[in-house]
Structures are given as C-alpha cells and as structure tokens.
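First the structure, in the form of structure tokens, and then the observations on it.
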Amino acid sequence: MTDKTADDLAAKRARWISAGWKPTKASNPNFKCRQCQSDDILFELSKSSDGAYDDYHYHCFGCDRDWWVESSDY
Ligand SMILES: [Zn+2]
C-alpha cells in the first residue's frame, strides 16, 4: 500500500465519520471483519422507514464490504 492510498483511505474515513458513521473500535475493540479480519470498520444505525426497528449498517475499509445486522430483537 502506498502512502497516497493510505492518505485516500484516511480522507475517505474522515468523510464517513463526519457523515455520522462511528468506528466499531471505540465501543468494540475486538470487532473484526469476517472476510478480511480487518478491524478498520465503521458503522451507522439506520432506522427502517416506519421506525419499527433499527439496523446496524457496517462498512469494512479493509475489503470495502458492506453488511447489515438487524437489531429488532432487543
Ligand atoms: Zn473486510
């Protein structure tokens, strides 16, 4: 990975964080991507349109993967 790429990644992460995403590391240091084992992951809480449940939306900066976890059970 070149420094340029690292800078781009840092800039991208900063943009996402300013848009309301949070690093999983802050609240869950052991959280890792199942695909690439990176812990460089951001998440946001997104409500369904009717507000009946929340979904956690995760994005891994290691492999650029998105996934959702329903939190309707709590
Ligand atoms: Zn990953």
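What follows draws every value from the coordinates through simple rules; no lab data is involved. If you're wondering where the values come from, they're calculated on a predicted model, not measured in any experiment. Cβ atoms come from the backbone with ideal geometry, glycine included; neighbour counts cover every protein chain shown.
For region 31-64, how many residues meet the condition of being among the aromatic types (Phe, Trp, Tyr) and in a loop (DSSP other than H, G, I, E, B)?
Let us first name the residues in region 31-64 that are among the aromatic types (Phe, Trp, Tyr), namely 31, 43, 53, 56, 58, 61.
Filter once more, so that each one left must be in a loop (DSSP other than H, G, I, E, B): 31, 53, 61.
Total satisfying the criteria: 3.
So which residues in region 61-74 are within 8 Å of the ligand (Cβ to nearest atom), surrounded by fewer than 15 Cβ atoms within 10 Å (Cβ to Cβ) and either basic (Lys, Arg) or over 11 Å from the mean Cα position of the chain (by Cα) (or both), if there are any at all? Steps first, answer last, please.
Of the residues in region 61-74, the ones within 8 Å of the ligand (Cβ to nearest atom) are 61-65.
Imposing the further condition that a residue be surrounded by fewer than 15 Cβ atoms within 10 Å (Cβ to Cβ) reduces the set to 63-64.
Correct list: 63 only.
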Requested in this report: Filter region 22-60 down to residues that are touching a residue at least 12 places away in the same chain (Cβ under 8 Å), within 15 Å of the ligand (Cβ to nearest atom) and touching a strand residue (DSSP E or B) at 6+ places or on another chain (Cβ under 8 Å), then give me how many there are.
Outcome: 15
Report summary line: Checked region 8-28 for anything part of a helix (DSSP H, G or I) and small (Gly, Ala, Ser); matches are 10, 11, 14, 18, 26, 27
**Report entry** Among (1) loosely packed, with under 12 Cβ neighbours inside 10 Å; (2) touching a Cys at 6+ places or on another chain (Cβ under 9 Å) - the single one residue 40 does not satisfy
**Finding:** (1)
